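The values are calculated or read from the model by the stated rules, or taken from the named source; none is laboratory data. Quick caveat, the model's predicted, so the values are computed rather than measured. No Cβ is skipped: glycine too gets one built from the backbone with ideal geometry, and neighbour counts run over all protein chains shown. SASA here: full protein model, heavy atoms, side chains in, ligands and nucleic acids out. Shrake-Rupley method; radii C 1.70, N 1.55, O 1.52, S 1.80 Å.
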Amino acid sequence: MQSNYKRTKLACYAAIITQAVQNNLPPLLFVLFQEQFGISYEMLGRLILANFVTQICVDLVSIKLADRIGYRACMIAGQLCTAVGLLGLTTLPFLLPPYVGLTISIILAAIGGGMTEVLVSPVVDALPGDEKAAAMSMLHSFYCWGHVALVLLSTLFFAAFGTANWRVLTLLWMIVPIANAVYFSFVPLYPIVPEEAQQMPMKRMLTSRVFWLLMVMMVCAGASEQAMSQWASTFAENGLHITKTMGDLLGPCAFAVTMGTARALYGKFADKLPLKTAMIASSILCIVCYIVASQSGNALAALLGCALCGFSVGIFWPGTFSLAALALPGAGTAMYALMALAGDLGCSAGPTTVGLFSGALGGLQSGLTVGMIFPIAMLLLCVFLKTEKKKG
């Protein structure tokens, strides 16, 4: 029986790796899109927006869709949508006006990524076992490992075969979601709401104070992570005056490695460290990292602060999911979908805030100083949640 649980976990790990590919492969190809199709930075920005908006819409739709047609069908559909979107990147820009083809492909892949984001966490949380927080943290560590593998393997591919073969690379990455769609057809799935737990009505969940507190925490989790992650490459390139390839390796790749390490470590040692305590400690470390990155005045120290920030934010996202599952038993798909939506809003709000204030105040360091509001808010919310529970 235990081997069946492991098969389901492996399918979920592969699904979240697929999401990492869906989110991060197109940005790796943006420079090539500019060169081959004459696409401007503004148009690339709209591709990012299309990805974000699509996933937000899918977050909302998934609330009803999964309960109606089932989690297995939705997970398989999500993997196949991602595969079709990646296939579209290699074909549609050459069959349609290039920008139209790219936009359609990004949207198709984002539909798959959004479905995976909403559904994979409750599937893992439903598996038998008591170490729910550890399992959730380990699951989300695979998003980081998928991101790292994407950057490293794609960099090696381009070094060996040249950037002109980017369509071949995209087709190779398409194998992951196709293979996992087949694999997901055969793994056992378990009830999302346990039989002993009563289904929580949507109205009751939406009137719960703890639900809205956790929603704000998800916004802060996404914002704290992406406000730093999105600027990691800029730190490396501008501060150390290195190439784009090395900037990606020392910036976003290092951030993803440390974030994945934090999630894997908590997944292994969760029984020895209470989740709320770990999140408070992580919030404090995150604030320190923001201070070092924005105020040190030294390029190497700033890059180190940026990399360690990945470690500090590692358990924010999966940890908040786990706290919600404990605080709101029986909430089911609706809770996971709405919290994923809140996390996506944070992922957009964080880097946007840093970018706006960097322009207004005259530098990236100033923008990051303002961005420190997100980990500070995370710390205050974690402390409040812990003391509130003690009072209760």
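Quick notes on this structure:
- Residue in the range 46-62 that is within 22 Å of P128 (Cβ to Cβ) and out of contact with any Leu (no Cβ under 9 Å at 6 or more places or on another chain) present: no
- No other residue among G88, G45 is over 20 Å from P122 (Cα atoms), open to solvent by less than 10 Å² (accessible area, probe 1.4 Å) and without any contact (Cβ under 8 Å) to a residue 24 or more places away in the chain apart from G88.
- Sole residue being out of contact with any helix residue (DSSP H, G or I) (no Cβ under 9 Å at 6 or more places or on another chain) and farther than 30 Å from L65 by Cα, chosen from G363, G367, G355, G371: G363
- Candidate set: the range 302-318, residues that are open to solvent by 10 Å² or more (accessible area, probe 1.4 Å) and closer than 12 Å to L250 by Cβ; chosen: the one modelled with the lowest pLDDT: L303
- Taken together, A133, A73, A126 contain a single residue that is at pLDDT below 90, aliphatic (A, V, I, L, M) and within 17 Å of V187 (Cβ to Cβ), which is A126.
- Condition check for G330: on the phi > 0 side of the Ramachandran plot and either within 18 Å of the chain's Cα centre (by Cα) or not aromatic (F, W, Y) (or both): yes
- In the range 294-315, the residue that is farthest from A135 (Cα to Cα) out of those that are part of a helix (DSSP H, G or I) and hydroxyl-bearing (S, T, Y) is S294.
- Of the set (1) open to solvent by less than 30 Å² (accessible area, probe 1.4 Å); (2) at pLDDT 90 or above; (3) part of a helix (DSSP H, G or I); (4) under 22 Å from K132 (Cα atoms), all apply to T261 but (1).
- Qualifying residue in the range 353-366 (condition: over 21 Å from A223 (Cβ atoms), part of a helix (DSSP H, G or I), aliphatic (A, V, I, L, M) and open to solvent by 40 Å² or more (accessible area, probe 1.4 Å)): no
- Selection from the range 10-41 of residues that are part of a helix (DSSP H, G or I) and farther than 17 Å from H147 by Cβ: L10, A11, V31, L32, F33, Q34, E35, Q36, F37, Y41
- Check on F94, touching a residue at least 12 places away in the same chain (Cβ under 8 Å), among the aromatic types (F, W, Y) and open to solvent by 20 Å² or more (accessible area, probe 1.4 Å): no
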